[in-house]
Amino acid sequence: MRKSILLGVVSIALMGLGGSVYAYGGGGGECSVKKEKRMRAKADRVMDKIDATDEQRVAIEAELDNAIASWVELRGATRAVPKELLNQWKEEAPDKEVIVRLVDERIEALRAAAYETIDSALAVHQTLEPAQREKVGEMMSRRMGKRGHRGER
């Protein structure tokens, strides 16, 4: 049970990471570069706190690269969707099939990026020793608060 909870927390964290890249302009630009640097710095701080070995750092950084790449790709692939939806809105008779197709494509792209992030989270989980996973779980628990979200600081 405890292992499942930790795995879930790590998965949520990596999906949050990916979501942050996606939400904050992961398609490129100065803003996304700054966000990515902050995420990498946070990952480095966590790895320092859990005394990650050089081998673990390389593996975790590779998974972080994969997660970021998935969400950046998603951001780029779906960038045109709002414009297409607006074009449909401006039509005298919007085409429901076109709108549904756009939404379905975006949902599937999001699902694919989320699944890739889960794979990365599972790989990170396997990379860490049990004591390190416990430390990460404790850090996440403090960050999330008692009710399962960002509680008190």
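Determine ³J(HN,Hα), in whole Hz, for all residues of region 55-65 in sequence, where each value follows from phi through the Karplus function 6.51 cos²θ - 1.76 cosθ + 1.60 and θ = phi - 60°; x replaces Gly and Pro.
Residue by residue, region 55-65 yields 4, 5, 4, 4, 5, 5, 5, 5, 5, 4, 4 Hz.
Taking the Cα centre of region 61-102 as origin and charging only Cβ (+1 Lys, Arg; -1 Asp, Glu), how large is the dipole, in debye to the nearest 20?
Here the size comes out at about 220 debye.
If I model a spin label as a point 7 Å beyond the Cα along the Cα-Cβ vector, how far apart are those points for Glu105 and Glu91 in nm?
With each label placed 7 Å out from Cα toward Cβ, I get 1.3 nm.
Laboratory data are not the source of any read-out in this text; all were calculated from the coordinates shown. Treat the numbers as computed from the prediction; the structure is a model and nothing was measured. We place every Cβ from the backbone using ideal geometry, glycine too, and count neighbours over all the protein chains shown.
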